[in-house]
Amino acid sequence: MSTLPLATNIQDAFDALATAMYGTSAEPFHSARKAAMDGFNERGIPTTRHEEWKYTNVMPIAAKTWRHVQNVWSDGTITDHVHPVPGLQNAIGIVLRNGIIHLTGSTIPDGVEIMPLSSASVEDVNESDLHDNPFAVAAMALSSEGVLVRVADNVQCPHTIHVMVCGETDDDGILLTTRVFVSAGRNAQVDVIETHHTLGGADLLSLGVCSAVVHEGARMSYVKIIDDASALHHIGQLTARVERSGTFASHSINLNAGFVRNDAQIKLAGELSQGFLYGTSILDGVQYVDNHTVVDHMVPHCHSEELYKGVYNGASAGVFNGKIFVRPQAQKTTAYQSSHSLLLSGKAQVNAKPQLEIWADDVKCSHGATTGQLNEDAVFYLQARGLERSKAVAMLTNAFAAEVLEKLPHGELKNHLLQRLADKLGAAGL
Amino acid sequence: MSSLLEIKNLHASIEDREILKGVDLVVHAGEVHAIMGPNGSGKSTLASVLAGKEDYTVTEGSILLNGKDLMELSPEDRSHEGLFLAFQYPVEIPGVSTANFLKTAVNEHRAYRGDEPLDPGAFLALMKEKMKLVEMDPSFLQRSLNEGFSGGEKKRNEIFQMAMLEPTLAVLDETDSGLDIDALRIVAGGVNALRTPNNATVVITHYQRLLDYIVPDVVHVLWNGRIVRSGDKSLALELEKRGYDWIKNETAVEA
Ligand SMILES: Nc1ncnc2c1ncn2[C@@H]1O[C@H](COP(=O)(O)OP(=O)(O)OP(=O)(O)O)[C@@H](O)[C@H]1O
Ligand SMILES: [Mg+2]
């Protein structure tokens, strides 16, 4: 088989980067990137024969040519390009403009550090732990830049950290790679929101990796919103390690996305730690979202909860693959997972696969996956009380999907997203 | 007296099985009609066909509400035209609060009549007033519609909704079943309070007891998809004593 254009593009981009780095290539950063590059070449671009990519065919993406950019941006300030997200006006904004960092919004409070990766030390960014997703590994190989957020022990970060991943596309279609590190110190607290933005109409391929560390007693939420990016192809991996009594929650919200593959993994590494994984996908047209999740219960007395919901209209499609590992020593684990999909059109499609591997015996685990159409008796009930059919459908669909968004910790942002949901589902004003 | 509801020779089937086999029924403004009949005789089917449930195919006959051909109307427009069906089994709707749903329903009715939507204050006041009618606790308003409601609470909620929508023709399908003795009195009192000379009520029930509270002008027996006997309220008392066999036998002889 000849090499796929995307694999060539990634190798070329890496070589170019290595050349540009001439003289510093012996640095630990670069050797880590080199290891990642080797890792990518080992893994290769997955076909649907690969278990983790069974339903998601990346060949149409891999067959195209992508040009990696790290330092190109058009004129104008960022606010000309990215609409402010309600509820995030007071956030600390980190704009990654085609990979280049730019800070906006609130001043950074004491105890919070935000720095470009180039300024971080190698201990800050432990790259030895390669992610499984080959595209995440490619992002590690290609990202000479990215951002590190560190909240010191006992500091409650008063503002949300808002990471805006912005890609400007031209006729060719560009390849963007992003790295984010977030660390919450002991008993610290931080909320992070990652939003994706595409400017210009051409295709964009954005690969991202986020590594989160939640230290003892700390709390972190990580919300990823893809909402104005129909030209976006995004493959991202989020891995969070949670220490004793820590809590981590992830939300994956997809309201307007071309192609998305999100891997979210939580390692519950300290006793009494908790992990929450939430997802909402509201799709139509030919939009595609694949959510792969892993919760690894490594030690006893941990709790995890997972709820994913999708509404699929038109010829949209979705995948939910949720793994729960309970290791032999992880007694007294509680782990709950559910995924529910609503198909509003005969052409829409969903594949849901729960995978539980439980090696401990004293645990409470459950999973449930449903895929179905709207309850026609409920539609009729609302119609019989005077709601037009379309409004009855909108009201029911909105109620179905809103359940997950209701769990967001941010009041104003939550209301904004609930409004977006209602608008998208035609339930506004109901 | 003008006829509010006029059903003529109504035949309806589901999945090629004929359930209604020629129903005739005329209800005038100001009247209360009771429909009784053995299980499976087609009472709920009649109610569903009136409300416009798509699963049923009307193969023959006609239904007029206030002179309007119901068959031409969508379920929502039947509601807008003044029809209300209190369901035998109200559906649980998670995630939709009773208050929010009713606000939409009331405003849809108002829009149909060309009225502005109610402002939130007026709407809240209206809900409070109507809840009193069926002695419903305001905490139900914020709960998901019917979700986790007890059998009796669901029935009360149906009559509360009826009070909010003020229909001209209410069809109550076994609203009494599942109600305790006090609740039965309260709900029946609510239904009576909503009666005016311009509206009418059809109650579907198995029990004479309800009819002590909601006194019918006419009692009908529906059996095997047809109204086989009609009489005054004494018919209900007779059925309570004798059951349905004698009617079935007499009908069989006539046939
Ligand atoms: N969806 C359906 N598919 C097949 N048969 C149906 C369907 N709905 C109703 N029926 C049948 O139609 C007949 C009449 O049912 P219906 O619910 O109208 O009876 P009912 O008089 O209301 O009975 P009950 O007193 O038990 O409430 C029954 O034999 C029932 O099984
Ligand atoms: Mg019935």
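The values are calculated or read from the model by the stated rules, or taken from the named source; none is laboratory data. This is a predicted model, so every value here is computed, not measured. All Cβ positions, glycine included, derive from the backbone under ideal geometry; neighbour counts span all protein chains shown. Protein only, heavy atoms only, side chains kept; ligands, DNA and RNA dropped before computing areas. Shrake-Rupley method; radii C 1.70, N 1.55, O 1.52, S 1.80 Å.
Here are some notes:
- Rounded to the nearest angstrom and listed largest first, the equivalent-ellipsoid semi-axes of segment A:376-430 from its Cα gyration tensor are 24, 11, 7.
- Cα gyration tensor, the protein assembly as shown - rounded (a/c under 1.5), prolate or oblate: prolate
- Between segment B:37-99 and segment A:174-222, the Cα center-to-center distance that results, in Å: 52
- Total charge dipole magnitude, segment A:376-430, about the Cα centre, Cβ charges on Lys, Arg, Asp, Glu only, Debye to nearest 20: 100
- The HN-Hα couplings worked out from phi for segment A:323-335 by the Karplus form 6.51 cos²θ - 1.76 cosθ + 1.60 (θ = phi - 60°) are 9, 10, 9, 10, 6, x, 7, 7, 5, 6, 6, 10, 9 Hz, whole numbers, x standing for Gly and Pro.
- Applying 1/(1 + (r/R0)^6) with r as the Cβ-Cβ distance of A:Val122 and A:Asn351 and R0 = 45 angstrom yields a FRET efficiency of 0.65.
- Label zone at B:Glu116, where the point sits 7 Å out along the Cα-to-Cβ direction: segment A:393-430 residues whose backbone N lies under 18 Å: none
- With the charge dipole of segment B:113-245 set up from +1 on Lys and Arg Cβ and -1 on Asp and Glu Cβ about the Cα centre, the Cα lying farthest toward the positive end among the listed residues B:Ile214, B:Ala200, B:Gly225 is that of B:Gly225.
- Taking segment A:343-374 and a reference point 7 angstrom along Cα→Cβ of A:Gln331, the backbone N atoms nearer than 18 Å belong to A:358-365.
- Most positive-pole-ward Cα, A:Thr333, A:Ile61, A:Leu413, against dipole of chain A from beta carbon charges: A:Thr333
- For the pair segment B:107-155 and segment A:135-168, the centres of their Cα atoms are 48 angstrom apart.
- By the Cα gyration tensor, segment A:175-280 has an equivalent ellipsoid whose semi-axes, rounded to whole angstrom, run 28, 12, 11 from largest to smallest.
- At the listed q of 0.16, 0.23 Å⁻¹, the Debye profile of segment A:276-342, built from one uniform point per Cα, gives log10 I(q)/I(0) equal to -0.57, -0.88.
- Taking θ as phi - 60° and the Karplus parameters 6.51, -1.76 and 1.60, the scalar couplings of segment B:11-22 work out to 10, 9, 9, 10, 6, 6, 9, 6, 9, 9, 10, x Hz in sequence order, x denoting glycine and proline.
- For segment A:43-51, Karplus couplings with θ = phi - 60° (6.51, -1.76, 1.60), whole Hz, Gly/Pro x: 6, x, 7, x, 9, 6, 6, 6, 3
- In the context of the full set of protein chains, residues of segment A:332-374 present 56 Å² of accessible surface per residue (probe radius 1.4 Å, heavy atoms only).
- Summary value for chain A: 9 percent relative contact order, contacts being C-alpha pairs under 8 angstrom separated by 6+ residues.
- Along the axis of the charge dipole computed for chain B (Cβ charges of +1 for Lys and Arg, -1 for Asp and Glu, origin at the Cα centre), the listed residues B:Ile181, B:His80, B:Leu239 are led at the positive end by B:Ile181.
- Interface of A with B. Using a 1.4 Å probe and counting protein heavy atoms only, the two chains hide about 2000 Å² of accessible surface, both sides summed.
- Restricting segment A:392-430 to GluC sites (Glu not before Pro) that sit in a DSSP loop and have at most 15 other Cβ atoms within 10 Å of their own Cβ leaves A:Glu406.
- With R₀ fixed at 56 Å, the C-beta to C-beta distance from B:Val215 to A:Ser230 puts the FRET efficiency at about 0.35.
- Carbon + sulfur, % of accessible area of chain A - ligands and nucleic acids excluded, 1.4 Å: 49
- Partner aspartates and glutamates whose Cα lies under 14 Å from the Cα of B:Lys21, excluding those fewer than 8 positions away in the same chain, are identified as B:Glu60.
- Calculated mean residue ellipticity at 222 nm for chain B: -12000 deg cm²/dmol, from DSSP H runs with n ≥ 4 weighted as -39500 (n - 2.57), summed, divided by the residue count and rounded to 500.
- Point-charge dipole on Cβ atoms (K/R +1, D/E -1) for chain B, about Cα centre, debye to 20: 440
- Percent carbon-and-sulfur accessible area, segment B:1-115, ignoring ligands, DNA and RNA, probe 1.4 Å: 43
- Whichever lysines have a C-alpha closer than 17 Å to that of A:Lys323, once near sequence neighbours (fewer than 8 apart) are set aside: A:Lys54, A:Lys267, A:Lys309, A:Lys353, A:Lys364
- In the full protein context, chain B carries 45 Å² of accessible surface per residue, based on a 1.4 Å probe and ignoring ligands, DNA and RNA.
- Length released on extending from A:Asn90 to A:Lys34, taking residue separation times 0.36 nm less the Cα-Cα span: 16.3 nm
- Per residue value of the accessible surface for segment A:194-239 (all protein chains in place, 1.4 Å probe), Å²: 22
- The magnitude of the dipole of segment B:1-56, with charges of +1 and -1 set on the Cβ of Lys/Arg and Asp/Glu and taken from the Cα centre, is near 140 debye.
- Theoretical FRET efficiency, 1/(1+(r/R0)^6), r = Cβ-Cβ of B:Glu72 and B:Ala193, R0 41 Å, to 0.05: 0.80
- Averaging the sequence gap over all C-alpha pairs within less than 8 Å and six or more residues apart, then dividing by the number of residues, gives segment A:214-323 a relative contact order of 25 percent.
- Segment A:5-270 shape via C-alpha gyration tensor axes, a/c threshold 1.5: rounded
- All lysines inside 16 Å of B:Lys233 as judged from Cα atoms, apart from same-chain residues fewer than 8 positions distant: B:Lys241
- Difference of contour (0.36 nm per residue) and Cα-Cα distance, A:Ile108 to A:Ala202: 30.4 nm
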